[in-house]
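In what follows, a structure is listed as structure tokens, so that the remarks can point back to it.
Every number in this text was worked out from the coordinates using simple rules, so none of it is lab data. These numbers come from a predicted model, not from an experiment. A quick note on method: Cβ atoms are made from the backbone with ideal geometry, for glycine too, and the neighbour counts reach across all protein chains shown.
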Amino acid sequence: MSKSSVKTLLLGFIVCIYSQKAHATGGYGPAPRWLENGGIAIDHSPEFFWEAMLRERTKSFLPLEKRVVNTKSPDQEETSKQYALDTVKADTDEFHEAITKSVIKPADPKAAEEAHAQARSVLASAGALPENEFDSEFADYHRGVLAMQSKKPEEAEAIWKKLLARPKEERHYRSVWATFMLGKLGLSTESKDTTKWFQQCRALAKDGFADALGLAADSYGWEAKAELDADHREEAAKLYLTQLAIGDDTALISLKALIPDRGVIEGTMSFDENAQPISPDDARSASAADKLNASIEKALISSAKTPTLRWLQTSHVLATETTLDWVYQTAETDSSGTDKAPMNRCQRWLAALKAAGIKDVQDADRLGWVAYTSGDYAPAKEWLKLCPAATGMSRWLEAKLLRRDGKLDASIKAMQQSVNLLSKEDAAAPSPAATNEALYDNGHTKLHSARADLATLHLSHADFVEALAQFAQTDLTDDMAYVAELLLSADELKKFVDKEFPPSKKKTDAQRNVGEPDQDPDNFFRDLLGRRLVREDRYDEARNYLSPKTLPYLDDYVIALKKAADLKLPKSDRARAYFHAACVLTQNGQDLMATRGEPDSLGRGQTVTTIERETGKQVTRSENNKFVPADDKKVKFHVPVTKEEKKRLEQHKVVPFRYEHYRYVALGLVWKSAALLPDQSDELADILNSAGNWMKGDYRGDDEAAGKFFQAIERRASKTTIGKAACAKHWFVEDQGAWSSEEFKADDKNR
């Protein structure tokens, strides 16, 4: 990671670049493969997530008020409708309660309730209130609402203040409502008393005045808006965090308004120092760009001087800048055309902190990560020295820096400490959303990333068993499989699985998630080992690890192979046995011997870690399931390939190294069957035609492999019924002979 590697895109001033990778502002899947692209992940900063960091910070802002959730619908119009219904219900119920408890004493309670209901109906249509509405706090509130609807704010204010001037016992139900509405009224009239009203709303609720709608809780967000409008940004930040602590997730968006350099968001440029949007048209001019940059610099320095804003800015920079392909950047020229050195957001924020004279020790580890992300490693070390106590994130940064200095042993030690601390932090978290939030849709977490870094460090040390132990505690199945299937011997893997995932932990097929047999790590490793043992012809041992549903296929396959190898049997029987074994693999090879990692997990376009690390060249799957290194595309290794790793890759690489390699093993068995059959026999034509159909382009996409079987038909079976049809078509036919028909029927029955 270096300064020069940061991509730029100039729009006159701050812009953002989007890439196809997952960014730290939300969950995107799947989780990355840690060893792809030369293991570049080890150089990157961890993913920091805006929502996760904010939720953790709310621990310091937990209020007494409880939020009333009116609807779970994400539709704003539906929510508004439900809120209106709840308001009517609360007003109606509480008016009835006030009569029942003799808080108000109308001469005719029934008539009073009818007039109250009529008043509620009028408010929905903005008509005239009934003259016979009983004089009470409820009637005062209704008159204030009607005045506001009629665009008479002064009249509404006077009415609600009159309500609040009633004796305490006469305003139990509508005092909170009135103060809340006075606050909202103040927002529209820019009253200097706006925040006072929201604070009084909460004070009244605390003193026991009715608050059925949870307006006291809602007041935090509205007061925050008032503070933001008044450019009291630190106060607004605290209130928005309190709003989030209550459970109102709209604060997640509101808090972004406090980030001066947040870049382009859906066509709206950053906010200036007064939190007002800059017109994109104005932003096109150089003078507007210079003006905006100046206001942003001023706002950043202001943010640096206040604790909450400083933390928010640091969090947002980390949440958007920890991937090098998505950065904000200042212009390279000023309005006069003079060249200026580019500065990414990380550097700009650090410069603002320096200009403000800030040496924050509370969040020093996070500021160290800001410096690391920008490629400024010396400042990162300085911030690290200011950390008051070891944290999971500070030890993680220390490990990254030690690794850069070539101190691998010390880096492993620091990274292990980081994993231990992060594990404790997660265990102490009040809820998963606070500190262990999934970074990707498939459940990848911050701790997973830390373990993956530790695993990669052990890999660099050629400690493959410990690397697997760490990868095994993540969701990075491709990386687990790479180490388990290609770097460990079968015996080493067996020892690891027996210790970490004994039979007592293995789930039955009925307990597994449908369609996701590898979802559970115990099943993942035991099944992976079972298939590895089958590939190495250790069938008896494999039985102890494979899924029970796979054992009948294994027995069928092994019996067929034994029969095929029995030289005492007639050649035709042995040939039939070889073909049956090939059919078993074709139909059930995924469960019997497929690799969980490469090559059987690879789709088209995926990089091939195995060959990358073996040859140093980039590889993708090509036509006919081949993986050919590109001579002109060399891999830059961030995780060096040790001699021991290369040696093990050579020892354990799957042969043939092709997608669904077990089908090629099946083809080899068909060739053995064909060698035992006489030329021009129907059985020979049948098995050659079947094998070709297994692999031809419209099925498995390997016409090269299929073509060899067609050539064999032309040479050895052209006079048979199937052979004649195939030669006439110049390719394989759908016809089946006795053997393939029998196999097809058996397979159909099993299905």
*What is the local net charge at Val670, summed over the other residues whose Cβ is closer than 11 Å to its Cβ (Lys, Arg +1; Asp, Glu -1)?*
+2
*Are any of the pairs Lys161/Lys192; Lys571/Lys653; Lys446/Lys636; Lys633/Lys653 more than 24 Å apart by Cα-Cα distance, and if so, which?*
Lys571/Lys653; Lys446/Lys636
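Could you list, in their original order, any pairs among Lys110/Lys152; Lys110/Lys196; Lys563/Lys724; Lys110/Lys162; Lys381/Lys424 whose Cα atoms are separated by more than 29 Å?
Details: Lys110/Lys152 32 Å; Lys110/Lys196 38 Å; Lys563/Lys724 31 Å; Lys110/Lys162 26 Å; Lys381/Lys424 25 Å.
Over 29 Å Cα-Cα: Lys110/Lys152; Lys110/Lys196; Lys563/Lys724.
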*asked:* Under the rule of at least 5 residues apart or a separate chain, name every residue whose amide H is placed under 5 Å from the amide H of Thr620.
replied: Val628
*Can you check what the net charge comes to around Asp566, using other residues whose Cβ is under 9 Å from the Cβ of Asp566 (Lys, Arg +1; Asp, Glu -1)?*
+3
*asked:* Quick check for you: which residues of the stretch 676-695 have the amide N under 14 Å from the point 7 Å beyond the Cα of Ser718 toward its beta carbon?
replied: 680
*On a C-alpha basis, how far is the centre of the stretch 226-249 from the centre of the stretch 623-649 in Å? Whole number, if you could?*
52 Å
_Show me the GluC sites (Glu not before Pro) within the stretch 87-195 that DSSP assigns to loop and that have at most 11 other Cβ atoms within 10 Å of their Cβ._
Glu131, Glu190
*Efficiency by 1/(1 + (r/R0)^6): what FRET value for Gln149 and Leu62, r their Cβ-Cβ distance, R0 = 41 Å, to the nearest 0.05?*
0.70
*asked:* Please report the net charge: other residues with Cβ closer than 9 Å to the Cβ of Phe138, K and R +1, D and E -1.
replied: -4
*What full-extension length gain, to one decimal in nm, is calculated for Lys633 and Lys359 as 0.36 nm per residue of separation minus the Cα-Cα distance?*
94.2 nm
_Label-point separation in nm, Asp193 to Ser741, each point 7 Å along Cα→Cβ_ = 9.7 nm
*asked:* Need one word for the stretch 122-232: rounded, prolate or oblate. Basis is the Cα gyration tensor (sqrt eigenvalues a ≥ b ≥ c); a/c below 1.5 gives rounded, then a/b vs b/c decides.
replied: oblate
*Does the stretch 606-663 come out rounded, prolate or oblate by the C-alpha gyration tensor, with a ≥ b ≥ c the root eigenvalues, rounded set by a/c under 1.5 and, if not, prolate when a/b is larger than b/c and oblate if not?*
oblate
*asked:* Which residues among the stretch 470-485 fall inside the zone where the amide N is under 18 Å from a point 7 Å beyond the Cα of Lys646, along Cα→Cβ?
replied: none
*State the extension gain, in nm to one decimal, for the chain segment bounded by Ser572 and Gln590, taking 0.36 nm per residue of separation less the distance between their alpha-carbons.*
3.7 nm
